[in-house]
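All remarks here apply to the structure that follows.
The values are calculated or read from the model by the stated rules, or taken from the named source; none is laboratory data. Predicted model only: the values in this text are computed from it and were never measured. Glycine also receives a Cβ, built like all others from the backbone with ideal geometry; neighbour counts cover every protein chain displayed.
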Amino acid sequence: MTVISVQGSRRQIRVWIGEVELTTAVSIEVGRDLADICGAFRVTLDDPLRDAQAGFSDAVTSSPVIREHMPVRVDVAGETIFRGHVEELDLRVTEQQAQGVISGRDVSGDLVDCTGAPLGPGEYRQVTLATLVGSLVQPFGLSVDSDTDMGAPFTLVAVDPSESAMETIEKHARQRGVLVVSDGIGGLRLTKAGTTQAPAALEFPGNVLSVEGRVSVREHYSDVWVKGAFRSLERPATATLNGVKSPSDKPVSASDTTFTAKESAATLRFGHAVDTSVGRWRPRVWLAATQSGGSQSAQNAGNPVLDAQAAGNWGTQGVNAGAYRAGSRRRTRSRTATRQASDPWTLQDQADWRMRTTRAQGTARIYTVAGFDVDGVLWRPNTRVHVRDAYAGVDEEMLIGAVTYVSDDQGYRTRISVVRLDAYDLIGDEDHRRSAHGSSLR
């Protein structure tokens, strides 16, 4: 391996460990992925200081002795894009050489690992998404910014004591159709997917050096369910009985069914999204772990109507022997309807989001380009980019889901992973403008 030898300000990607710049890197990778929220870095380095201490060489260097938890800063093309900590150290020492790999995540990584409110509160009432996120991240020294409408306050937010801060944030952001991203340097942004444009198109042949593709159906489901429950909002504010009142002797009427229906709807909530590009029965269920929107309008909206195919496999309605079982019968299904602006946020939105994100994670298309920027503008995740790929037959707008800046003995380059525009969009309009075809590498 060759140590990157370009010095000082001429180096396009620079790493500081503590207050000392690292000058013995063999390769550097740093980037962000919308699927992981927090950014990450990985550096492979020679360790000439320990080489000298062990008697392997006479090297003299200013590189620091690296320990876990040390602060890390990474600049790309003169711009600070990462602040985090050393979280993992992998060392390999032989009689001739000492080498190691250090890696870690940006400062928002602590939100993924750690409990948000170990001492409470266990619940919030009438709280906005921005206030909730700000309360959870403030002890970690992070800031919160937003550039999108986050909807009405939550009626009730119940925090599971065992869940991480990011789990609490992500599940409630999903309930309001908001994407949570890290800026890599100490802040979270509450935003929508693909609101800005990339600095250039991706063209193969053209500015793309290489293309990598992978399609896996293991995360591609025909039916996605999200199930949950919330307290009926039809219940009275005060207890029905107390110590100074007697039970009513009014008989229960057979026509008094409204309240019972409301109670049933509150305790049996689900969303159901159908992906018509999957031709066989591949269901997946997630638990909502939220109050399902927690609004009167959400409760009154009811559960979605199941089509005949799903209903045939829905246990409470019996088993339809023909559903996904009769090979001689053509399976016809309708895609999930697009949400309307007037629709309340319900578990249906979570089901739509789960369907699209799992599908995106099972289809990876990565384009590698030279350098880190175009006319001084860095390639960044969560930007729209037009992809013209003659080999794969792609000519459309897509979303940059992940960006990794790479520096090694082959030079400077950027790995750009693209997904469908609707992959992180709860509204899902793009999903319904497409034909129901599957993914392919060509």
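Among the numbered conditions (1) under 21 Å from V144 (Cα atoms); (2) at pLDDT 95 or above; (3) among the hydroxyl-bearing types (S, T, Y), the only one that T115 does not meet is (2). Among residues of the range 157-174 that are outside the structural domain of C38 (by TED's automatic domain parsing) and closer than 21 Å to D349 by Cβ, those with a beta-carbon under 8 Å from a residue that is aromatic (F, W, Y) and crowded, with 22+ Cβ neighbours inside 10 Å at least six positions away or on a different chain give the pairs H172/F154; R174/W353. The numbered conditions (1) modelled with pLDDT under 90; (2) over 21 Å from I81 (Cβ atoms); (3) in contact with a Leu (Cβ under 6 Å, 6 or more places away or on another chain) are all true for A193 except (2). Candidates are the residues of the range 78-92 that are of a type in the set (A, V, I, L, M) and at pLDDT 95 or above; the one that is farthest from V377 (Cα to Cα) is V86.
Exactly one residue out of A289, A298, A311 is at pLDDT below 80, surrounded by fewer than 19 Cβ atoms within 10 Å (Cβ to Cβ) and under 30 Å from D160 (Cβ atoms), and it is A289.
Taking the range 270-284 as the range and being over 15 Å from Q350 (Cβ atoms) and among the basic types (K, R) as the test, the residues that pass are R280, R282. For the range 91-114, taking the residues that are among the polar types (S, T, N, Q) and surrounded by 14 or more Cβ atoms within 10 Å (Cβ to Cβ), the one that is farthest from L142 (Cα to Cα) is identified as Q97. The set of residues in the range 188-199 being touching a residue at least 60 places away in the same chain (Cβ under 8 Å) and more than 11 Å from T383 (Cβ to Cβ) consists of L188, L190, T191, K192. When restricted to residues that are basic (K, R), modelled with pLDDT under 85 and within 28 Å of T404 (Cβ to Cβ), the range 332-355 contains 0.
Yes/no matrix, rows are residues, columns are (1) of a type in the set (A, V, I, L, M, F, W, C); (2) surrounded by fewer than 16 Cβ atoms within 10 Å (Cβ to Cβ); (3) in a strand (DSSP E or B):
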position: L89; (1), (2), (3): yes, yes, yes
position: L119; (1), (2), (3): yes, yes, no
position: Q138; (1), (2), (3): no, yes, no
position: T155; (1), (2), (3): no, no, yes
position: E167; (1), (2), (3): no, no, no
position: V180; (1), (2), (3): yes, no, yes
position: L190; (1), (2), (3): yes, no, yes
